[in-house]
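Structure, as structure tokens:
The values are calculated or read from the model by the stated rules, or taken from the named source; none is laboratory data. Note that this is a predicted model, so its numbers are computed, not measured. Note: ideal-geometry Cβ built from the backbone for every residue, glycine included; neighbour counts use all protein chains shown. Note: accessible area is taken over every heavy atom of the protein model, side chains too, but ligands, DNA and RNA are not part of it. Shrake-Rupley method; radii C 1.70, N 1.55, O 1.52, S 1.80 Å.
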Amino acid sequence: MDHRLSPELEELRRTVEEFAHDVVAPKIGDFYERHEFPYEIVREMGRMGLFGLPFPEEYGGMGGDYLALGLVLEELARVDSSVAITLEAGVSLGAMPLHLFGTEEQKRQWLPRLCAGEILGAFGLTEPDGGSDAGATRTTARLDPDTDEWVINGTKCFITNSGTDITGLVTVTAVTGRKPDGRPEISAIIVPSGTPGFTVAAPYSKVGWNASDTRELSFADVRVPAANLLGEQGRGYAQFLRILDEGRIAIAALATGLAQGCVDESVKYAKERHAFGRPIGANQAIQFKIADMEMKAHTARLAWRDAASRLVAGEPFKKEAALAKLHSSTVAVDNARDATQIHGGYGFMNEYPVARMWRDSKILEIGEGTSEVQRMLIARELGLAG
Ligand SMILES: Cc1cc2nc3c(=O)[nH]c(=O)nc-3n(C[C@H](O)[C@H](O)[C@H](O)COP(=O)(O)OP(=O)(O)OC[C@H]3O[C@@H](n4cnc5c(N)ncnc54)[C@H](O)[C@@H]3O)c2cc1C
């Protein structure tokens, strides 16, 4: 297997590396401190075509794939994770469900503006009473035969990109009936922003990802046309499993970027900072720590690229995506802790990027499937689960 990038992918990687360095790095710390969504940076990412990367050109996309998306996410997260997760959620959770399961009309209606980054899409799966156990969805959608509309009631929590000024839609999962065996039938329905009865709460106060948008959403007799059903009725559960399998590769690439960013910052600091009359990087204890950090970032990169390559080739990738997500998020937390330690007291000061990386790393072991859920998936793929 050849893990080297094609000249086109290398050029994309370098372009985004420069963008992250020249545009994101100088500005993002202030947005983060103010807990403010970085509209100007997101607009620029839209102009670069990043929100359309893995989508066909006929819908305004760049005609790329998950490998290209992963490279971009890794380069962004090397510098900042709020910007990276805004792109990841916009592409993998906002637009991808429409691309994979939407009707031609739904794709034409939504994808061009999503690809251009003019609007953002969100994916509302998690509820206050259940995230990992997503089958326990309580939100309901009833088809009103008189008006041919879905009537939606319920609450979703922790939804990324759901309340920005440019959020255009949220796809929500809801119980639309019962299966013959009595289990809930779950479907996915598109709810445009601003639909009466659809309320978006104030942003959460979060530990990290402070320049990204995360909200609680409530639905009180929200009415949308029957045609807003995404894919087949009752296939919502299967659809989001597919979305999450792919999304894990994207999160793994993002986590790899954070892990590599910790190495970048630590190498720089270890050369600059002097203690006992010499750079701290002259001490083997520091060198070994950084060498281990580099090893971890490297293996995380191989893992997400392997999963992405399988996805792109149309091969099974469920286990590899879970392995990549589990490994890269563990590595990101490890590297963020070690980078902070290498920075001493300065590592605890928000003006240093490693402080932001430390705060941003923990969620990687939780979002889009916790580390325990990844282990459950891997065990199941090994034939161990009942
Ligand atoms: C900043 C942020 C952004 C998010 N964005 C989105 C979004 O855009 N859309 C969306 O739908 N969701 C989103 N989420 C939700 C996220 O995916 C969930 O928080 C996550 O899946 C975990 O669900 P939970 O919080 O309900 O935890 P729980 O499911 O309640 O889990 C609690 C703990 O129990 C463990 N656990 C649960 N079941 C088992 C088991 N069977 N065996 C062993 N351990 C178990 C879990 O691993 C975890 O450690 C976001 C969350 C955050 C914090």
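So, of the residues in the stretch 270-282 that are touching a residue at least 60 places away in the same chain (Cβ under 8 Å) and in contact with a Gly (Cβ under 8 Å, 6 or more places away or on another chain), which turns out to be surrounded by the most Cβ atoms within 10 Å (Cβ to Cβ)? Among them, the one singled out is ALA270.
Identify the single condition in (1) touching a residue at least 40 places away in the same chain (Cβ under 8 Å); (2) away from the ligand (no atom under 16 Å from the Cβ) that ASP80 does not satisfy, given that it satisfies every other one. The number of the failed condition is (2).
For the stretch 214-247, the set of residues classified as among the polar types (S, T, N, Q), in a helix (DSSP H, G or I) and under 26 Å from GLU365 (Cα atoms) consists of GLN239 only. Of the residues in the stretch 314-321, at least one is in the same structural domain as GLU351 (by TED's automatic domain parsing), open to solvent by less than 30 Å² (accessible area, probe 1.4 Å) and in a loop (DSSP other than H, G, I, E, B).
In the stretch 367-381, of all residues being open to solvent by 90 Å² or more (accessible area, probe 1.4 Å) and without any contact (Cβ under 8 Å) to a residue 24 or more places away in the chain, the one that is farthest from the ligand (Cβ to nearest atom) corresponds to ARG380.
For ARG47, the requirement of being open to solvent by 40 Å² or more (accessible area, probe 1.4 Å) and within 16 Å of the ligand (Cβ to nearest atom) is not met.
Among the residues of the stretch 159-186, how many are within 15 Å of the ligand (Cβ to nearest atom) and more than 19 Å from the chain's Cα centre (by Cα)? Result for the stretch 159-186: 2.
Among the residues making up the stretch 114-127, those that are free of Cβ contacts under 8 Å to residues at least 60 places away in the same chain and in a loop (DSSP other than H, G, I, E, B) are ILE119, THR126. Would you say GLY130 is small (Gly, Ala, Ser) and under 16 Å from THR171 (Cα atoms)? Answer is no for this residue.
Residues that are of a type outside the set (Val, Ile, Thr) and either crowded, with 19+ Cβ neighbours inside 10 Å or in a strand (DSSP E or B) (or both) within the stretch 166-198 comprise GLY168, LEU169, ALA174, GLY177, ARG178, PRO184, GLU185, SER187, ALA188, PRO192, SER193, PHE198, listed in sequence order.
Quick check on ARG305: is it of a type in the set (D, E, K, R) and either under 23 Å from THR160 (Cα atoms) or open to solvent by 40 Å² or more (accessible area, probe 1.4 Å) (or both)? Spelling it out, it is not the case that ARG305 is of a type in the set (D, E, K, R) and either under 23 Å from THR160 (Cα atoms) or open to solvent by 40 Å² or more (accessible area, probe 1.4 Å) (or both). Only one entry of ALA226, ALA285, ALA238, ALA201 meets the criterion of being modelled with pLDDT under 95 and either under 24 Å from GLN109 (Cα atoms) or open to solvent by 30 Å² or more (accessible area, probe 1.4 Å) (or both), and that entry is ALA238. In this structure, VAL91 qualifies as within 17 Å of MET45 (Cβ to Cβ), within 16 Å of the ligand (Cβ to nearest atom), open to solvent by less than 30 Å² (accessible area, probe 1.4 Å) and not assigned by TED's automatic domain parsing to the domain that holds THR256.
So, ASN350, is that one exposed (fewer than 15 other Cβ atoms within 10 Å of the Cβ) and touching a residue at least 12 places away in the same chain (Cβ under 8 Å) or not? When the stated conditions are applied, ASN350 passes them. Taking the stretch 128-158 as the range and being more than 8 Å from the ligand (Cβ to nearest atom), under 24 Å from ALA95 (Cα atoms) and assigned to a strand (DSSP E or B) as the test, the residues that pass are THR140, ALA141, GLU149, TRP150, VAL151, ILE152, ASN153, GLY154, THR155. Note on the stretch 115-162: residues that are farther than 18 Å from ARG178 by Cβ and buried (at least 17 other Cβ atoms within 10 Å of the Cβ) amount to 21. Please verify whether ARG359 is under 21 Å from TRP304 (Cβ atoms) and within 14 Å of the ligand (Cβ to nearest atom), treating the condition exactly as stated. Taking the combined requirement at face value, the residue does not satisfy it. Looking across GLY52, GLY60, one residue alone is surrounded by fewer than 24 Cβ atoms within 10 Å (Cβ to Cβ) and away from the ligand (no atom under 16 Å from the Cβ). It is GLY60.
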